[in-house]
Structures are given as C-alpha cells and as structure tokens.
Ligand code: FAD
C-alpha cells in the first residue's frame, strides 16, 4: 500500500488497538495516532466475553489474555441487595465454551500494544482536523503534523471529534446514574474468590464485583442515582465514605470490601442514541465513537473488538480502490447488531435497578436473561462476514 492504501486509526483505546492487530494479521499497513502521551494507564476492570475473546484468539492474543485475565466461572451469581440469591450468571456461549474474563484495562491495552511492529503507534497526537478527496484522506494534529491514508478510522471514543463529520447530530444522553469504581487487592479480603462475577440488586442501585489481573484484584462498581450532573470522565475522583454510605445495610460482604477502599472514581453515565450513518467516503467510525453504550451488558470493549474484526476482514478481502465500498459493507453489517446491544444495555440497567417495582417479576427476568446472553456470546462476526463475502454479487 502507498499512503493512499494504508489505514490510519485515530484513538488508541481497546477498539483502535485491536483493529491495528487485526489489520496487521490481514497484511494491511496501519498507523495509529493516540492523543495521550502514553497508552492505557487509566481505568479499572473491563469485561471480556466469548463473542470478542474468539477474535483475540484469532489474532494470536489468546495466551496473553489467559495470562493476565481472570477467568470468570460458573459460580458467578446475581443477588438481591441483602445477599439472597437470584440466579446464576451466564458465562459460556451456546456450545458451553467459557471465555469470560475480568481484565484490568491497562493489562488489556498493554497486551494489544505488545505485538505491534515499531512505527505503528504514535502517542502525543491529538487529531483536530480531517479532509478527503477522491483518492486520499488527511488527518491533522494539534502538534502541527498531518498524515495521509487511504482509509481513516475514528476510534476516538465517546467524545469523538470525527463522528460529527459523519453525522453531526449526536448528543450525549444522560442516564440519571452515577458510578463509583475502584480496585481492592484480594489479599486484603477474607473469602473472596478469584473467579466469580457477583451483582447485588436493590431499589435504584446495584453493586458489581469481578476479579481482574489473574484474580489478584477485585474490581467493584457501585451504581447509584446521580445527584447533579457530571461530565462523562474516567478520571473524576469520588469520596470513599459517600460510597460506603450508599451501600450501608446491604449484604455484609459489600461492607467488607468497601472497608478497604482508599480511593475511588465517580462519574455520571451517558450513552448516545444509535446513529444512522457511520461512514463518509474514506472515513468510518468504530467502537465508542460509533456507538457509546451504557455498561449494563458489559459490551463496550467487546463490541469494539467485533467491529475491528469485521472491518479488518472486509478491507483484507477488498481491492484498495474499493476500500470505501468495504466501509459501507462494514457499516451495514455492524449497525443493526450494535444498536440492539446499545438499546439492550439501557433496558438491562432499568431491570438491574428494579425500576419496575415488582421484584419477583424482575428476578424472573434476570433468570430468563441467560438466554439473551448465550446468544450474544455465541455470535461470531467472522461467520457473518464470510457469508457476505461468499454471497453472489
Ligand atoms: P476508548 O477506550 O474510549 O478509547 C478512545 C481512545 O481515543 C482513547 O485512548 C483516547 O485518548 C483517544 N482519543 C480521543 N480523542 C482523540 C483525538 N482527538 N486524537 C487522538 N486520540 C484520541 N471501560 C470499562 O469498562 N472499565 C474501565 O475501567 C474503563 N476505563 C477507561 C479509561 C479510559 C481512560 C478510557 C478512554 C476508556 C475507559 N473505558 C473503560 C471504556 C472502554 O475502554 C470503552 O468503552 C471500550 O473499550 C470501547 O473502546 P474504544 O476504543 O471505542 O474507546
């Protein structure tokens, strides 16, 4: 590929970095520009599920995921706020394959960076402008540099600067929920297992814990009603005492965990409505830039990995002159699936917070939800792309 044939990715989060790995596996030249001066130091637990882990394995990252992840097992449970059991948590796909991992986001970002050839990753490059003509696209950066490519992928997260070029009308939707998030070393805790995902559900609130980093750390997330509006931010600090008060009187295991919290992050949750178009000429969107979603299905990172797998295969199978058409195919394959997950995440959040009042009905819905998860995890975007590529034209 000349510069007109290579792929330029803006944003080095999970989505952009996975795409870089997947494009290289297809033999496609790629460059990635990230605004931060270093990769992935911020964040806590990210949930990986079979529908994306199968692609990490395909690009050769399976052993690395096994090495630093925490495999989440079948003893995972939903509980009522006081610890009464509601239902098991679905961790396997329909074939019974369990590849559900708790990952520290920094570990995931590190393993995605590790195998990339030198010259692919460029930190300290904040994209500020985009232009394109019939043959080439150009991204300009705040530091005065610019770079050309045949395809540009906006993987620049929920506050994407490239999304408005594709679709100007997309506004953040405030969920009314704030989250506290943090990590506690498991060695400080009595009886906490390294392999269970647990969620406690109460009126208007819920509390989640799962292990990360081989089970050495327990990631927790407390979802509470937001009091006042805060900007979407991964780095805003929260008050550990306020967090403890929010969950006072809940299952004593939560108090045991929170007694060890010295610092926490707190922010409000936003998503956006599904947008009707992701692509304009040589520019397309991926991950949160295309479809920011609430975390109530744990699918943000997983859907961005599915996006990357689909896009890399379609570009790998297309002649470089047809690359803009491959972007259209990518968008049409991904938009419906991802919109279902975005909307499903909103619904699940309502269910978790028992907003409908009838707890017996809510508990029955949680039990029935296992079927939805099985299907979500069984989906293989490679099969879908293969069918499209093999269909008669
Ligand atoms: P993101 O992960 O948001 O990545 C977008 C990347 O683009 C970022 O690295 C950002 O710095 C970069 N970027 C943005 N604008 C520009 C620009 N103009 N020029 C160049 N680069 C740009 N999810 C969890 O479940 N748990 C967590 O603890 C968690 N922590 C996070 C911490 C941070 C700092 C971030 C950015 C995201 C975090 N997430 C977390 C979100 C989660 O990673 C994403 O929802 C999901 O992985 C989809 O990833 P993405 O690559 O589409 O977007």
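The values are calculated or read from the model by the stated rules, or taken from the named source; none is laboratory data. Computed from a prediction, not measured in an experiment: that's the story for all the values here. A quick note on method: Cβ atoms are made from the backbone with ideal geometry, for glycine too, and the neighbour counts reach across all protein chains shown.
This table checks each residue for (1) out of contact with any helix residue (DSSP H, G or I) (no Cβ under 6 Å at 6 or more places or on another chain); (2) within 16 Å of the ligand (Cβ to nearest atom); (3) without any contact (Cβ under 8 Å) to a residue 24 or more places away in the chain; (4) under 30 Å from residue 132 (Cβ atoms).
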residue	(1), (2), (3), (4)
260	no, no, no, no
266	yes, yes, no, no
269	yes, yes, no, no
275	yes, yes, no, yes
294	no, yes, no, no
299	no, yes, no, no
316	yes, no, no, yes
334	no, yes, no, yes
Exercise. Restricted to the stretch 302-325, and to residues that are under 16 Å from residue 25 (Cβ atoms) and more than 21 Å from the chain's Cα centre (by Cα), which residue is surrounded by the most Cβ atoms within 10 Å (Cβ to Cβ)?
Worked result: 315
Exercise. Quick check: is even one residue across the stretch 115-122 modelled with pLDDT under 95 and in contact with a strand residue (DSSP E or B) (Cβ under 7 Å, 6 or more places away or on another chain)?
Worked result: no
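Given the structure, is residue 310 outside any loop (DSSP other than H, G, I, E, B), more than 15 Å from the ligand (Cβ to nearest atom) and under 30 Å from residue 150 (Cβ atoms)?
Numbers: outside any loop (DSSP other than H, G, I, E, B): yes; more than 15 Å from the ligand (Cβ to nearest atom): no; under 30 Å from residue 150 (Cβ atoms): yes.
Judged against the criteria, residue 310 is not a match.
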Exercise. Can you find even one residue in the stretch 93-110 that is farther than 27 Å from residue 291 by Cα, in contact (Cβ under 8 Å) with a residue 40 or more places away in the chain and out of contact with any strand residue (DSSP E or B) (no Cβ under 8 Å at 6 or more places or on another chain)?
Worked result: yes
For this session: Could you check, for the stretch 227-235, whether at least one of its residues is within 16 Å of the ligand (Cβ to nearest atom), touching a strand residue (DSSP E or B) at 6+ places or on another chain (Cβ under 7 Å) and without any contact (Cβ under 8 Å) to a residue 40 or more places away in the chain?
Result: yes
For this session: Would you mind stating whether residue 137 is modelled with pLDDT of 95 or more, more than 10 Å from the ligand (Cβ to nearest atom) and in contact with a strand residue (DSSP E or B) (Cβ under 6 Å, 6 or more places away or on another chain)?
Result: yes
Exercise. Any idea which residue in the stretch 74-88 is nearest to the ligand (Cβ to nearest atom), counting only those that are in contact (Cβ under 8 Å) with a residue 60 or more places away in the chain and assigned to a loop (DSSP other than H, G, I, E, B)?
Worked result: 76
For this session: Answer yes if at least one residue in the stretch 161-172 is modelled with pLDDT of 95 or more, within 15 Å of the ligand (Cβ to nearest atom), surrounded by 15 or more Cβ atoms within 10 Å (Cβ to Cβ) and within 18 Å of the chain's Cα centre (by Cα), and no otherwise.
Result: yes
Exercise. Only one of (1) crowded, with 18+ Cβ neighbours inside 10 Å; (2) more than 16 Å from residue 298 (Cα to Cα); (3) within 13 Å of the ligand (Cβ to nearest atom) is not met by residue 38, so which one is it?
Worked result: (1)
Exercise. Applying the selection to the stretch 173-202, what residues are touching a strand residue (DSSP E or B) at 6+ places or on another chain (Cβ under 8 Å) and surrounded by fewer than 18 Cβ atoms within 10 Å (Cβ to Cβ)?
Worked result: 173, 174, 176, 185, 189, 193, 195
For this session: Please enumerate the residues belonging to the stretch 58-75 that are under 18 Å from residue 299 (Cα atoms) and buried (at least 19 other Cβ atoms within 10 Å of the Cβ).
Result: 65, 69, 70, 72
Problem set entry | Test result for residue 347, over 18 Å from the mean Cα position of the chain (by Cα), within 24 Å of residue 199 (Cβ to Cβ), part of a helix (DSSP H, G or I) and at pLDDT below 95 | no
Problem set entry | Of residues in the stretch 352-364 being crowded, with 18+ Cβ neighbours inside 10 Å and in a helix (DSSP H, G or I), the one modelled with the lowest pLDDT | 352
